[in-house]
Number of protein chains: 2
Amino acid sequence: MSSDLTARARIRDAAIQLFAERGVEGATIRDIAQQADVSSGLLRHHFGSKEGLRDACDEWALHELTKVSGQFIEFSTLDGFTLRVRLLQSYLIRSILDGSPAGTAMFDRMLEYGEQWLATTDLKVADPRAFVAVLSVMKMSLFTMSDLMSRALGDDVTQPQAWGRMLRASLDLFSQPLITKEQALQAESAIDRVIAGEEAS
Amino acid sequence: MSSDLTARARIRDAAIQLFAERGVEGATIRDIAQQADVSSGLLRHHFGSKEGLRDACDEWALHELTKVSGQFIEFSTLDGFTLRVRLLQSYLIRSILDGSPAGTAMFDRMLEYGEQWLATTDLKVADPRAFVAVLSVMKMSLFTMSDLMSRALGDDVTQPQAWGRMLRASLDLFSQPLITKEQALQAESAIDRVIAGEEAS
DNA sequence: ACGTCGGCTACACAGTCGTGTAGTAAGCTA
DNA sequence: TAGCTTACTACACGACTGTGTAGCCGACGT
């Protein structure tokens, strides 16, 4: 496939793909170089080190993704949500798990955007910060655990068909209350009980 | 700390803790042995290999957790939800990310239980399987990304205080609709558009 | 008293990792 | 043409991994 790109660009693309698939630890320099069809030395020549390569990938993914849209994972604005964009997205989401600065930067942006969104709604929320954090993490989780989702659906969620099915289900989930206020209160007191028991010991 | 346990038990406990913290790849045999205060050879003597150790941890965690409660992550039944249980839980959740058989087994159980739960409610769900899968993944994500949650809340969610705050926020989230039916429909058509555009190319 | 079996350690081995070094070929500038 | 930078490769090094092996030591049965 990729051929008319610079070797440097090919390395970067290969790194983003493999980092996204296996994580930064799981993807070796040699694998990346092989995928880009260059020697591992050239990778080192261009990016200095594995860390340097990851930094370059972080910067590029953030930059490219910001170019496409201000916010990252929002269902309402899916224009330009191409396969390439989804790859960049899954790279950043994966790098969140690996504790990359770019990953946490993206998460911070998600939090910020989430709080803005929350302000526009008339939801009654006791702890906005926690609410937005939980919501953001949950939205991301659909992509961090795509293997599990694919297994549950019996279909690859990185492909358009199952991907749409997953997103539609999440819309279904967010557009109606799952538990009653009574159940919520009951669960809250259960949580209180656990905390009280924990702090006693 | 731990001392009056068998060396074999100490190794198992250390492995569960380190596997949960760093993943099965990230935790080395030598680290586990050191944490258990034994030689790495003894670990090998008892469990044969790293894979054997993980299998033993899987089996033990599943068994212990089943002993406590039939279902794993449910807010309504938090009795006996001790720190030890939470450790076992986070071990299994982490091992889901690593693709362990025990992890997927637990996930399957969650799906099964989720579908039973869904049947007891009068929720209108277009795609029950996908609905339950999304919900299960999202519930788990609070624990898989505890680092991120802690960062967002500015407090360690493995500790009772922030842990309760996180769970309360998730209750808040699940007890009310976040988007209107109109917004959901709008987003659905956006998803359809992306899929159509994708399959055209 | 003696053998042996399980708990336990020390050490060596091969593979893989990221990294470092030396060197080649091509293109640009003077 | 000479000199230098840049793209690129081949290869070796040290660290770390899981694994294999040899052996020590105490308990226990006979």
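The values are calculated or read from the model by the stated rules, or taken from the named source; none is laboratory data. On a predicted model such as this, the values are computed, not experimentally measured, just so you know. Positions of Cβ are backbone-derived with ideal geometry, glycine not excepted, and every protein chain shown enters the neighbour counts. Ligands, DNA and RNA are stripped out before the accessible areas are found, and what is left, the full protein with its side chains, is counted by its heavy atoms. Shrake-Rupley method; radii C 1.70, N 1.55, O 1.52, S 1.80 Å.
Below is a table of values for the structure above.
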{"item": "Summed buried accessible area for A+B [probe radius 1.4 Å, Å², rounded to 100]", "result": "6500 Å²"}
{"item": "At least 40 Å² accessible surface lost relative to isolated chain, residues of segment A:80-116 (1.4 Å probe)", "result": "A:LEU97, A:PHE107"}
{"item": "Student exercise, segment A:145-201 dipole from Lys, Arg, Asp, Glu Cβ charges, in Debye to nearest 20", "result": "260 debye"}
{"item": "5 angstrom amide H check on B:ASP155, placed H, neighbours 5+ away", "result": "none"}
{"item": "For the A-to-B rotation axis, chain A residue with nearest beta carbon and its distance in angstrom", "result": "A:SER141, 1"}
{"item": "At 7 Å out from Cα toward Cβ: B:GLU188 inter-copy label distances (nm, ascending)", "result": "3.2"}
{"item": "Shielding by partners - mean other protein chain Cβ count within 10 Å, residues of B:137-144", "result": "6"}
{"item": "Order of exposure, largest accessible area first, which applies to B:ASP55, A:ASP147 with probe 1.4 Å", "result": "A:ASP147, B:ASP55"}
{"item": "Probe 1.4 Å, accessible area per residue of the protein assembly as shown, Å²", "result": "48 Å²"}
{"item": "For residues of A:153-162, the mean tally of beta carbons on other chains within 10 Å", "result": "2"}
{"item": "Accessible area in the full protein assembly, largest first, 1.4 Å probe, for A:GLU112, B:GLU25", "result": "B:GLU25, A:GLU112"}
{"item": "Per-residue SASA entry for A:SER40, accessible area with 1.4 Å probe, Å² rounded to 10", "result": "50 Å²"}
{"item": "Nearest-20 debye value, chain A charge dipole, Cβ charges on Lys, Arg, Asp, Glu", "result": "540 debye"}
{"item": "Inter-copy spacing of B:ASP127 label points, which lie 7 Å from Cα along Cα→Cβ, given in nm from shortest upward", "result": "3.2"}
{"item": "Restraint check, B:LYS67/B:LYS124; A:LYS181/B:LYS67; A:LYS67/B:LYS139; A:LYS139/A:LYS181, Cα-Cα greater than 27 Å", "result": "B:LYS67/B:LYS124; A:LYS181/B:LYS67; A:LYS67/B:LYS139"}
{"item": "Pseudo-label separations to other copies for A:HIS63 - Cα-to-Cβ vector, 7 Å, nm", "result": "5.5"}
{"item": "For the protein assembly as shown, Kirkwood radius (reciprocal of mean inverse C-alpha pair distance, Å)", "result": "22.6 Å"}
{"item": "Histogram of C-alpha separations across segment B:1-50, 5 Å bin width, %", "result": "5, 25, 35, 25, 9, 1"}
{"item": "Trypsin sites (Lys or Arg not before Pro) restricted to DSSP loop in segment B:83-174 with at most 14 other C-beta within 10 Å", "result": "B:LYS124"}
{"item": "Percent accessible area from carbon and sulfur atoms, the protein assembly as shown, protein chains only, probe 1.4 Å", "result": "50 percent"}
{"item": "Extent along principal axes [Cα atoms of segment A:145-201; Å; largest to smallest]", "result": "50, 28, 12"}
